[in-house]
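Peer 1: Structure provided below as structure tokens; questions to follow.
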């Protein structure tokens, strides 16, 4: 069913990335004679906007804008290309666009892949950015390639499968491109075309989404357990090193492995710290400390955050080391944004809420507890800030 963020594009939601494989076994994705392509997005609210479309208010790449950009690129790369035929032969324009896309040129192209799991990788490959709007879902777009490739049915959206792949990325990613139409966004052009079909005109209103989904749809995937998703894909040989067979891919692959190892080490070290701090020796007897209902005033910020995160009963699902790591990350990121009078400024508090949500999601804190514990944390820190300010004034 379509919603506000996907416009008229039919969308479905998966609450676990593990359900992605099951969805791919549904009848829609196994229609005889139909080939689908896929595109992964890190954020749930990103549309099918090519990079060159970011220069215009409506996201449309006009023929004039595309021609101007390609002409600039053609002149700028003189003496830098091994294959000089790309510069003189008009039939090579598509190949030149492909080269530009690979090297970061703003183009009217969008990358797609025949592999749904490669698209899933790109949806989850990058971490959420601190301070941005909440991002509850990652997303994968699905496009009916067989339909788009038929010029009689869909003449306004072109496909490009470059003949050359000097870097091996297209082959390894099972990649291809779409050219955005010159008078509309790709979503609007598709829906405009499909709306003229008899099957759409004759469909009941509640069945329109089912008709559209045969041509384009969007899959929202709950933005949880990113590391688990990437580990699963790695077992399928879908990772940076396999998709980017160059030094950049090798570097990104190593970086991700090191990030995972470092995070696990931090969790384990946090668990040891927690075990030591939560025990009190009474003679020869050792007893575990019980987390108090009220947070003591003499705790430092990390200790206070740890106590608040441990407070809810369901927080026991999270190992102590992870709780410690969350508390340290929250304290570190909060410190960057706690300007003067932050506790009375709504915009700053909203930013802190988003930071907390991103960190709590990143470290798999229980979903149902995130918003309540975020509010408790902000309230406690605000109260501590007020007490500190009053103490300074009294002095």
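Peer 1: Please give the number of the condition residue 139 fails out of (1) in contact (Cβ under 8 Å) with a residue 60 or more places away in the chain; (2) over 24 Å from the mean Cα position of the chain (by Cα).
Peer 2: Condition (2) is where residue 139 drops out.
Peer 1: Can you confirm whether residue 250 is surrounded by 18 or more Cβ atoms within 10 Å (Cβ to Cβ), touching a helix residue (DSSP H, G or I) at 6+ places or on another chain (Cβ under 8 Å) and either part of a helix (DSSP H, G or I) or modelled with pLDDT of 95 or more (or both)? Full working, then the answer.
Peer 2: Numbers: surrounded by 18 or more Cβ atoms within 10 Å (Cβ to Cβ): no; touching a helix residue (DSSP H, G or I) at 6+ places or on another chain (Cβ under 8 Å): yes; either part of a helix (DSSP H, G or I) or modelled with pLDDT of 95 or more (or both): yes.
So residue 250 does not fit the description; no.
Peer 1: Confirm whether residue 260 is out of contact with any strand residue (DSSP E or B) (no Cβ under 8 Å at 6 or more places or on another chain), under 22 Å from residue 136 (Cα atoms) and at pLDDT below 90.
Peer 2: Details: out of contact with any strand residue (DSSP E or B) (no Cβ under 8 Å at 6 or more places or on another chain): yes; under 22 Å from residue 136 (Cα atoms): yes; at pLDDT below 90: yes.
Judged against the criteria, residue 260 is a match.
Peer 1: Can you say whether residue 80 is free of Cβ contacts under 8 Å to residues at least 12 places away in the same chain and over 31 Å from the mean Cα position of the chain (by Cα), as far as the supplied structure shows? Talk me through it step by step, then tell me what you get.
Peer 2: Details: free of Cβ contacts under 8 Å to residues at least 12 places away in the same chain: yes; over 31 Å from the mean Cα position of the chain (by Cα): yes.
So residue 80 fits the description; yes.
Peer 1: Taking the options 210, 151, name whichever one is loosely packed, with under 13 Cβ neighbours inside 10 Å, in the same structural domain as residue 96 (by TED's automatic domain parsing) and modelled with pLDDT of 90 or more.
Peer 2: One residue alone meets the criteria, 151.
Peer 1: Any chance the range 41-61 includes a residue that's farther than 30 Å from residue 219 by Cα, in contact (Cβ under 8 Å) with a residue 40 or more places away in the chain and assigned by TED's automatic domain parsing to the domain that holds residue 132? Give the steps one after another, and end with the answer.
Peer 2: Filtering the range 41-61 for residues farther than 30 Å from residue 219 by Cα gives none.
Scanning the range 41-61 turns up no residue that is farther than 30 Å from residue 219 by Cα, in contact (Cβ under 8 Å) with a residue 40 or more places away in the chain and assigned by TED's automatic domain parsing to the domain that holds residue 132.
Peer 1: Out of all the residues in the range 228-242, which are under 26 Å from residue 136 (Cα atoms) and crowded, with 17+ Cβ neighbours inside 10 Å?
Peer 2: Restricting attention to the range 228-242, the residues satisfying the condition of being under 26 Å from residue 136 (Cα atoms) are 228-236, 238-240.
Hits for the range 228-242 are 229, 230, 232, 233, 234, 238, 239, 240.
Peer 1: Hey, another quick one. Going by the structure shown, is residue 259 assigned to a loop (DSSP other than H, G, I, E, B) and either assigned by TED's automatic domain parsing to the domain that holds residue 189 or without any contact (Cβ under 8 Å) to a residue 12 or more places away in the chain (or both)? Spell out how you get there, then give the answer.
Peer 2: Details: assigned to a loop (DSSP other than H, G, I, E, B): no; either assigned by TED's automatic domain parsing to the domain that holds residue 189 or without any contact (Cβ under 8 Å) to a residue 12 or more places away in the chain (or both): yes.
So residue 259 does not fit the description; no.
The values are calculated or read from the model by the stated rules, or taken from the named source; none is laboratory data. Bear in mind the structure is a predicted one, so any value in this text is a computation, not a measurement. Every residue, glycine among them, receives a Cβ derived from its backbone with ideal geometry; neighbour counts consider all protein chains shown.
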